[in-house]
Structure formats: structure tokens, C-alpha cells
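Taking it in order: structure first as C-alpha cells, then the write-up.
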Amino acid sequence: MPIDPDIAERVVRFFARLLTHVKGREFAGRPFVLESWQREYLVKLLATVRPDGLRQYRRSLLAVPRKNGKSSLSAGIALYHLVADGEPGGEIYGCAADREQAGIVFRIAKSMVENSPALSAVCQTYKNEIICRTTDSRYKAISSEAFTKHGFDSSVCIFDELHAQKGRDFWDVMTTSVGSRLQPLILAITTAGSDRSTVCWDEWSKAVLVKSGAAGWEDDEYLSEIWAAPAAADWTDEAVWAACNPNLGISPKLDYMRAKCRDARRNKLDQNVFRRLHLNQWTETETAWLNMEKWDRCAAVFDFDSVAGRECWLGLDLASVRDLTALVMLFRDDSGEFAVLPRFWIPQEGSRYRNQSNQIPYPNWEA
């Protein structure tokens with residue numbers, strides 16, 4: 001689909017001419033001139049049009065590490081749709097898991113309006129809402145703690161830090177509230193998480209499959225943009241940091257990243273935090289409970305005959321929805337050392353789902 005040059009120019013000019021940064025001694029008050037990666041993403045998202053002239057992309061995941069300006073970008077996108085998108089009576093919602101997170105982006109947007117004479121002339125700011133008088137559109141921040149299930153006629157929903165959403169109800173209500181709009185937009189802007197039973201992991205997995213062109217996952221209305229280090233990448237390598245932090249040097253600062261990396265080198269518990277927040281890698285837990293290198297050195301062929309008749313402790317974890325059922329057996333020998341034998345199960349249908357959504361090759365292992 002082609003990019004409409006007039007819309008592209010309007011998007012870029014809106015940010016540079018009407019919006020200013022609102023935080024930090026270095027940037028506050030300066031025009032919001034989009035960085036090259038931001039400009040490329042927004043032009044593609046908002047200016048790619050179908051033959052009928054309507055916007056092509058209706059859903060998008062933008063995943064970038066922490067400190068790359070997600071909140072300011074989210075605020076700017078919300079204000080663009082409030083003022084310049086041409087949707088009469090637009091309802092733009094900034095969505096987050098809790099009130100505090102929802103308020104972060106809203107306060108930035110409110111300050112942007114109040115700092116701009118042009119926006120202040122057409123917008124009225126309130127404690128929890130911004131209204132554009134010329135389009136009769138409104139932007140409001142809501143959280144999963146306070147939303148109701150009725151009355152939404154959303155034109156745009158921007159989910160901030162989707163990884164923090166613990167259930168699907170809020171997501172499902174908001175993403176199904178756009179059905180009456182001609183060119184709605186559902187946008188999730190997030191960092192990686194650690195809980196793979198969340199809607200964020202489902203959406204992230206879909207974004208990966210759509211972007212890869214996997215059979216059965218073709219979707220020309222979905223835009224996937226994920227800045228993340230590969231799982232096998234050296235997390236201490238500054239070239240890896242640069243590859244997955246598009247704003248590195250502007251925000252986050254290189255000195256900050258080096259300091260965080262030093263902390264992670266010294267303390268194993270900080271490694272997963274660094275990789276998740278600053279390399280955008282999904283980790284199994286928020287903090288590392290176990291040094292996996294030491295764990296891997298414990299691998300050995302298990303001989304059942306060697307533990308026959310010995311005392312055994314069993315740990316059983318039953319699957320609730322899509323996770324595995326696990327049975328772990330723990331034996332102790334005469335010297336006091338332990339042998340651990342784990343067994344895991346998943347229903348056949350569950351293995352097919354995980355193969356499609358998470359790219360885990362269960363069918364190959366089964367065969």
C-alpha cells in the first residue's frame with residue numbers, strides 16, 4: 001500500500017511545530033522533532049493508505065526498551081488523533097494497568113497542550129480529560145482498575161506498558177470498542193515482560209509471526225515494530241545495546257547503560273532486570289533465582305535403577321490454562337547429594353497452539 005505524502009508531512013509537522021518536550025533540563029521546551037526511527041514508524045503507521053483512502057494499519061505493537069521515549073511518543077500520538085486526524089467526535093483512550101501508569105502519559109500530553117498556544121486555542125484541559133473544541137473529540141486516560149464495560153465508542157486506544165496487564169478483560173473490552181469507526185487504531189507500546197501467560201505475550205507472539213510472514217498469520221492491517229536483542233546476544237556488548245535501543249545516546253545515555261551493566265555483572269539478580277528493561281528480552285522471571293550456568297553443569301544421564309527403593313519427594317504443578325503440567329522427583333543418595341528428575345506434559349492441542357504462537361517446536365519433539 002502507498003504512503004500518502006500529505007498525511008506523512010502533516011504527521012511530522014504536527015510533532016515539530018505544535019509539540020514540545022516537557023521533561024528534563026536538556027529537552028524541556030524544545031520542539032518535538034521526531035528521531036529518524038520515530039518518523040519512519042509513525043509515517044508508516046499513520047500515512048499508509050488503502051485504495052479507498054482510509055488508513056491501512058488498524059493495530060500495531062511498538063516494543064522498545066525502557067528510556068527510549070515511549071511515554072512522550074504515546075502522548076504525541078494521542079494528541080495528533082485528538083486534533084489532526086480528522087475524526088469527528090473521536091474518542092482517544094490512553095490505557096494502562098493502573099491509574100499511576102495511565103496518568104504518566106496523560107500528564108505529558110496535558111503539559112504539551114498547555115505549552116502550545118496553537119493547541120491551547122482549540123483544546124481545553126481538565127484533570128482527567130482533554131477536549132478538542134474544533135473536532136468535538138476527547139482524550140482520556142483510563143486504567144484497568146477503574147474502567148467500565150459499557151459506553152465506549154473508541155476511535156483510538158493506546159496501551160502503555162502492555163506487559164503490566166494481568167488479565168484480558170480490559171484489553172478485550174477496549175479492542176472491541178472500535179467497531180463503529182472507519183479507521184480505528186489499537187496501539188500497544190511496551191517493553192518486554194516476564195509473565196508469558198499475559199495478553200502482552202500473546203500480542204508479542206502474534207506480532208513476531210505477522211512480521212515473519214508465517215503461514216496463516218498474514219495480516220496487512222497489523223504493523224509490528226520490535227526493538228529487542230536476540231536471546232543469544234551478548235548482553236554486555238555495547239553494539240548489542242545500540243542495535244535494540246534506537247534512542248541510545250539521546251535517551252538512554254550511554255553512561256547510564258554502562259552503569260546498569262556494571263551492576264548486572266556484579267549481581268546475578270540484576271541480570272534479568274537489565275536484559276528485560278534495556279535489551280527488551282523476555283525473561284523467565286523478573287529477577288534471576290538461579291545461576292543457569294551452574295544449573296547446566298548439573299546435567300547427567302538419570303539411571304532409575306540407582307534410586308530404586310530410595311526416599312523420594314514429589315512436586316506437582318497442574319496446568320491452569322496454557323502452561324505445562326510438571327512433576328518433579330527429588331531423590332537423595334547416601335552421601336547426602338540430590339538427584340532431580342522432572343517430567344512435563346501438555347495436551348496435544350496446547351502443543352499446537354504453542355507451536356504457532358510462541359514458535360516452540362512441540363510437534364517436532366512429539367514426532
TODO: Keeping all protein chains in position, work out how much accessible area residue 182 exposes to a 1.4 Å probe, and write it in Å² to the nearest 10.
DONE: 120 Å²
- [ ] Starting from the exponent 0.38 and prefactor 2.2 Å, build the expected Rg for region 1-131 from its residue count and divide its actual Cα Rg by it.
- [x] 1.04
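Based on DSSP H runs of at least 4 residues, each adding -39500 (n - 2.57), what is the mean residue ellipticity at 222 nm of the chain after dividing by all its residues, to the nearest 500 deg cm²/dmol?
On the way: 13 runs with 131 residues, N = 367.
Result for the chain: -10500 deg cm²/dmol, rounded to the nearest 500.
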Open item on the list: Can you order the peptides 28-40, 61-73, 307-319 by their average number of other Cβ atoms within 10 Å per residue, highest first?
Closed with: 61-73, 28-40, 307-319
Task: Neighbourhood net charge (15 Å Cβ-Cβ; Lys/Arg +1, Asp/Glu -1) for residue 207 - done: -1
TODO: Quantify how much of the Cα-Cα distance distribution of region 1-71 extends past 20 Å, in percent.
DONE: 38 percent
Open item on the list: Along its three principal axes, how long is the chain when you only count alpha carbons? Whole Å, largest extent first please.
Closed with: 82, 45, 38
Open item on the list: In Å², and per residue, what accessible area does region 17-107 have when probed at 1.4 Å with the other protein chains present?
Closed with: 41 Å²
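How big is region 118-256 by the Kirkwood estimate over distinct Cα pairs, in Å?
Roughly 18.0 Å, rounded to one decimal.
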Task: Loop-located chymotrypsin sites (Phe, Trp or Tyr not before Pro) in region 81-147 whose Cβ has at most 12 other Cβ within 10 Å (DSSP) - done: 126
- [ ] Over the alpha-carbon set of region 101-175, work out the extent along each principal axis and list the three values in angstrom, largest first.
- [x] 40, 23, 17
TODO: On the full set of protein chains, 1.4 Å probe, figure out the accessible area of residue 136 and give it in Å² to the nearest 10.
DONE: 90 Å²
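Suppose all protein chains stay in the model; what accessible area per residue would a 1.4 Å probe give for region 212-273, in Å²? It would help to have the intermediate numbers written out before the result.
Working: 3470 Å² over 62 residues.
Each residue of region 212-273 exposes 56 Å² on average to a 1.4 Å probe.
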TODO: Any chance you could list the semi-axes, whole Å, largest first, of the equivalent ellipsoid that the Cα gyration tensor gives for region 201-314, using √(5λ)?
DONE: 35, 25, 11
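State, as an integer percentage, the relative contact order of region 94-248 based on alpha-carbon contacts under 8 Å between residues 6 or more apart. Each step should come with its number before you reach the end.
Values: 196 pairs, mean separation 27.7, N = 155.
Taking the mean separation of contacting Cα pairs over the length of region 94-248, I get 18 percent.
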- [ ] Would you work out what percent of the accessible area of the chain, with all protein chains in place, is carbon or sulfur (probe 1.4 Å)?
- [x] 51 percent
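The values are calculated or read from the model by the stated rules, or taken from the named source; none is laboratory data. Note that the structure is a prediction, hence the values are computed from the model and not measured. Positions of Cβ are generated from backbone atoms using ideal geometry, with glycine treated the same way; all protein chains shown enter the neighbour counts. Keep in mind that these areas ignore ligands, DNA and RNA; they rest on the heavy atoms of the full protein, side chains included. Shrake-Rupley method; radii C 1.70, N 1.55, O 1.52, S 1.80 Å.
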